[in-house]
1. Residue under question is residue 175, and the condition is that it be farther than 19 Å from residue 39 by Cβ, open to solvent by less than 10 Å² (accessible area, probe 1.4 Å) and either away from the ligand (no atom under 14 Å from the Cβ) or modelled with pLDDT of 95 or more (or both); does it hold?
2. Could you please let me know if residue 34 is of a type in the set (Ser, Thr, Tyr), within 23 Å of residue 199 (Cα to Cα) and within 14 Å of the ligand (Cβ to nearest atom)?
3. Name the pairs whose Cβ atoms lie under 9 Å apart, with the first residue in the stretch 142-163 and on the phi > 0 side of the Ramachandran plot, the second of a type in the set (Lys, Arg), and 6 or more positions between them or separate chains?
4. Taking the stretch 112-131, which residues are open to solvent by less than 40 Å² (accessible area, probe 1.4 Å) and closer than 22 Å to residue 151 by Cα?
5. Residues 101, 78: which one is among the charged types (D, E, K, R) and either open to solvent by less than 30 Å² (accessible area, probe 1.4 Å) or modelled with pLDDT under 95 (or both)?
6. Would the stretch 16-39 turn up any residue that is outside any loop (DSSP other than H, G, I, E, B) and open to solvent by 70 Å² or more (accessible area, probe 1.4 Å)?
7. Among the residues that make up the stretch 217-229, is at least one of them among the small types (Gly, Ala, Ser) and open to solvent by less than 30 Å² (accessible area, probe 1.4 Å)?
8. Between 202, 166, 207, which is in a loop (DSSP other than H, G, I, E, B) and either touching a residue at least 24 places away in the same chain (Cβ under 8 Å) or in the same structural domain as residue 144 (by TED's automatic domain parsing) (or both)?
Amino acid sequence: MQNLHDPAVIKSLLARHGFTFSKKLGQNFLINPTVCPRIAELGNAREGSGIIEIGPGIGVLTNELCKCADKVVAIELDSRLIPILGETLSEHRNLKVVNADVLDLDLRRLIAEEFEGLEVSVCANLPYYITSPIIMKLLEDRLPIRTITTMVQREAAARLCAPLGSREAGAVTVAVEFYSEAKKLFDVSRGSFMPSPQVDSSVIQLSIRENTPDVPNEALFFRIVRGIFTLRRKTILNALSGSMGIDKPTASRVLERAGIEPVRRPEELDMSKLTALCRAYIAETVCLD
Ligand code: SAM
């Protein structure tokens, strides 16, 4: 195995394959040798586990995952990296590389086909341009996975792990909290990557909940959440009536039933208030969806 943390080795490998970095695909490869073993260990790569890796790049994290887990499936969009991975990871018999856009894949089927009898987790150094869509897909699909352990931009880490009711929380924070328990594991400086990005990063972990909060209609719950958070600095009365297209008297009744003061801001609501809001909305409006 070549030393994939050594910039000189990486440069010569990439030059041999005529590979140039794509900014558009968020290609910043890890060169700090301490980071990948920590992600693998904290990310549940161990005997009896199967790991889905998203965006293996040249395989530096993949190599650690293959050393620790029973099986790894690495999903890489950039077809130019496939022959490179074939070279750097040739020693691993427990690896399957899939050349695809993770957002297009049926991950439930992939898990059923590839990981029978294994406890599955996701590990990644995600491309930052689609961090939220990927995390939302992993959560909303209600996949049979234990944890998602991933590198994200530091600001995204703060938003994803923010307590509900705080200023940093957004609609994506509500979704993360709904499906999982989020925590920041450790920070990673921009110098740990090649090329070095303009921002610092953090590794976060989402532990998937067995039981999600009780809402009668999940799609409606998230429609309300997304709606009110687009108007997050307005009062909840204005945000609810504006985003859901209901008149103010109806919005007032919904809030009263939910036990929420109309002058509160959407960003101040915690999970119990948000679920109460959804239940009250259904009770006060003729809502069939
Ligand atoms: N894991 C490697 C590392 O840590 O050095 C590379 C991480 S790099 C930040 C992100 C990787 O995701 C790149 O290899 C990029 O080509 C890949 N990627 C970007 N968009 C993707 C997508 N939609 N589906 C799968 N992989 C994607």
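The values are calculated or read from the model by the stated rules, or taken from the named source; none is laboratory data. Note that this is a predicted model, so its numbers are computed, not measured. Counting neighbours? That spans all protein chains shown, and the Cβs are built from the backbone with ideal geometry, glycine included. Each accessible area value is taken on the protein alone, full model and side chains, heavy atoms only, with ligands, DNA and RNA left out. Shrake-Rupley method; radii C 1.70, N 1.55, O 1.52, S 1.80 Å.
1. Working: farther than 19 Å from residue 39 by Cβ: yes; open to solvent by less than 10 Å² (accessible area, probe 1.4 Å): yes; either away from the ligand (no atom under 14 Å from the Cβ) or modelled with pLDDT of 95 or more (or both): yes.
Spelling it out, residue 175 is indeed farther than 19 Å from residue 39 by Cβ, open to solvent by less than 10 Å² (accessible area, probe 1.4 Å) and either away from the ligand (no atom under 14 Å from the Cβ) or modelled with pLDDT of 95 or more (or both).
2. Working: of a type in the set (Ser, Thr, Tyr): yes; within 23 Å of residue 199 (Cα to Cα): yes; within 14 Å of the ligand (Cβ to nearest atom): yes.
When the stated conditions are applied, residue 34 passes them.
3. Qualifying pairs under 9 Å: 142/108.
4. First, the residues of the stretch 112-131 that are open to solvent by less than 40 Å² (accessible area, probe 1.4 Å): 114-115, 120-127, 130-131.
Those that are open to solvent by less than 40 Å² (accessible area, probe 1.4 Å) and closer than 22 Å to residue 151 by Cα: 120, 121, 122, 123, 124, 125, 126, 127, 130, 131.
5. Details: 101 fails: either open to solvent by less than 30 Å² (accessible area, probe 1.4 Å) or modelled with pLDDT under 95 (or both).
Sole residue among the options that is among the charged types (D, E, K, R) and either open to solvent by less than 30 Å² (accessible area, probe 1.4 Å) or modelled with pLDDT under 95 (or both): 78.
6. Within the stretch 16-39, the subset outside any loop (DSSP other than H, G, I, E, B) is 16, 29-30, 35-39.
Now drop any that are not open to solvent by 70 Å² or more (accessible area, probe 1.4 Å), which leaves 16, 38.
Scanning the stretch 16-39, I find at least one residue that is outside any loop (DSSP other than H, G, I, E, B) and open to solvent by 70 Å² or more (accessible area, probe 1.4 Å), so the answer is yes.
7. If we filter the stretch 217-229 for residues that are among the small types (Gly, Ala, Ser), which is where we start, we get 219, 227.
Checking which are open to solvent by less than 30 Å² (accessible area, probe 1.4 Å) leaves us with 227.
Within the stretch 217-229, one or more residues are among the small types (Gly, Ala, Ser) and open to solvent by less than 30 Å² (accessible area, probe 1.4 Å).
8. On the way: 202 fails: in a loop (DSSP other than H, G, I, E, B); 207 fails: in a loop (DSSP other than H, G, I, E, B).
Answer to the check: 166.
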